[in-house]
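Comments concern the structure below.
Nothing in this text is a laboratory measurement; each read-out follows from the coordinates by a stated rule. Keep in mind that what you see is a predicted model, and the values were worked out from it rather than measured. Positions of Cβ are generated from backbone atoms using ideal geometry, with glycine treated the same way; all protein chains shown enter the neighbour counts.
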Amino acid sequence: MDETLILLLLLLTLLVAIAALVVAVVALQRIGRRRGRSARRNSELPTDVAGLRGEVHALRAEVSDALRHLAVVRYDAFGDMGGHLSWSMALLDDGGNGVVLTSIHGRSDARTYAKNVTDWSCEQQLSPEEEEAVKFARSAA
C-alpha cells in the first residue's frame, strides 16, 4: 500500500476513536446525573426494589445514549472517479446526537471531515450525501 494511504487510514481510525470516546464520556456523565436523581427518589422503597429500579433505569439510560443509529452512504465525489470510494457515515444515539464522518477520495489524496449532529440536525451545512446518511440512520434502529 502507498504510505500516504496508510497514513490517511490511520488518521481516519484515530478520528473515529476520538468521536467514540467523546460520545462515551457524554453518556457516562448523563448516567451519573440520572443515578443521583434516582437515589433520592428511591430512598423510601425497600432496598431490593430500589436497587432493581435503579438498575432498570440505568440500563434504559445506557441504551438511549448508545450509538444505535448508524448508516453509511458511498458515492463518487468527482465525475472522473469510479468505485464509490468516497463515503459519509452517521453515528447517532436515540436523540439524534452524534457525529457525521465524511471521507472524500480523490486521485491523489483523501480528505476526512467530522461534523457534530445534535437533535438530528447540524449547525454546519451538510452535503446531500451527509443528509442522506443522517436520514438513513434515523430510520434504522
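From the list [x] 107; [y] 139; [z] 123, can you say which value of volume of the Cα convex hull per residue in Å³ was derived from the structure given? Checked against the structure: label [z]. Fewest neighbouring Cβ atoms within 10 Å first, the residues 109, 80, 94 line up as 80, 109, 94.
Annotation: the residues 64, 127, sorted from fewest to most other C-beta atoms within 10 Å of their own C-beta, follow the order 64, 127. Proximity of backbone amide H atoms, modeled 1.01 Å from N, is registered between residue 106 and 111 at under 5 Å, excluding neighbours fewer than 5 places apart on the same chain.
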